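Reading through the structure tokens given below for one structure.
What follows is calculated from the coordinates using simple rules that are stated; it is not laboratory data. If you're wondering where the values come from, they're calculated on a predicted model, not measured in any experiment. Neighbour counts are summed over all protein chains in view; Cβ atoms, including those assigned to glycine, are modelled from backbone coordinates with ideal geometry.
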Amino acid sequence: MEEIKNKGQEEVKVTWHDKHKQSMTIGDKIADSVANNMGSWRFIIFQTVFVVLWMILNIIAFISHWDPYPFILLNLIFSTQAAYSAPIIMMAQNRQNERDRHQALNDFETNLKAKLEIERLQKEISRMDDEKLEKIIKLVTELSNSSK
């Protein structure tokens, strides 16, 4: 649903989405940002480049191999990343479900209002049709009486 607020001379429409964004905590915003970034091609490409460079630098390292094959440090980094990213992504998904529920409820309320307004209009049109029909019948009756 929309809520209309007057700011000076302008009308500002506040939607359920605006209200939801205003109610988000810093943690919610961080979780959304992490989920959006980790679920992007940019992240996958960056991570692939990082892994390839890590492996190349450790295989051809001239001075020291800080993480020789089988790249245990790299595996530890990925395990830590997965341990933190999975719950953060789940938090973002849970909030997305909550947003979807709010939107569905808002859509239902809007549809209900539209249905009631359509029913009201149908009744009004029906009433107007009945009035016209009564006038026509009255005119036909008057004409038939006057022609006798």
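Structure values in brief
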quantity	calculated
Rounded if a/c under 1.5, otherwise prolate or oblate - the chain, Cα gyration tensor axes	prolate
Sequence-separation-based contact order of the chain, relative, with Cα cut under 8 Å and 6+ spacing, percent	23 percent
Computed magnitude of the charge dipole of the chain (debye, nearest 20; Cβ of K, R +1, Cβ of D, E -1)	100 debye
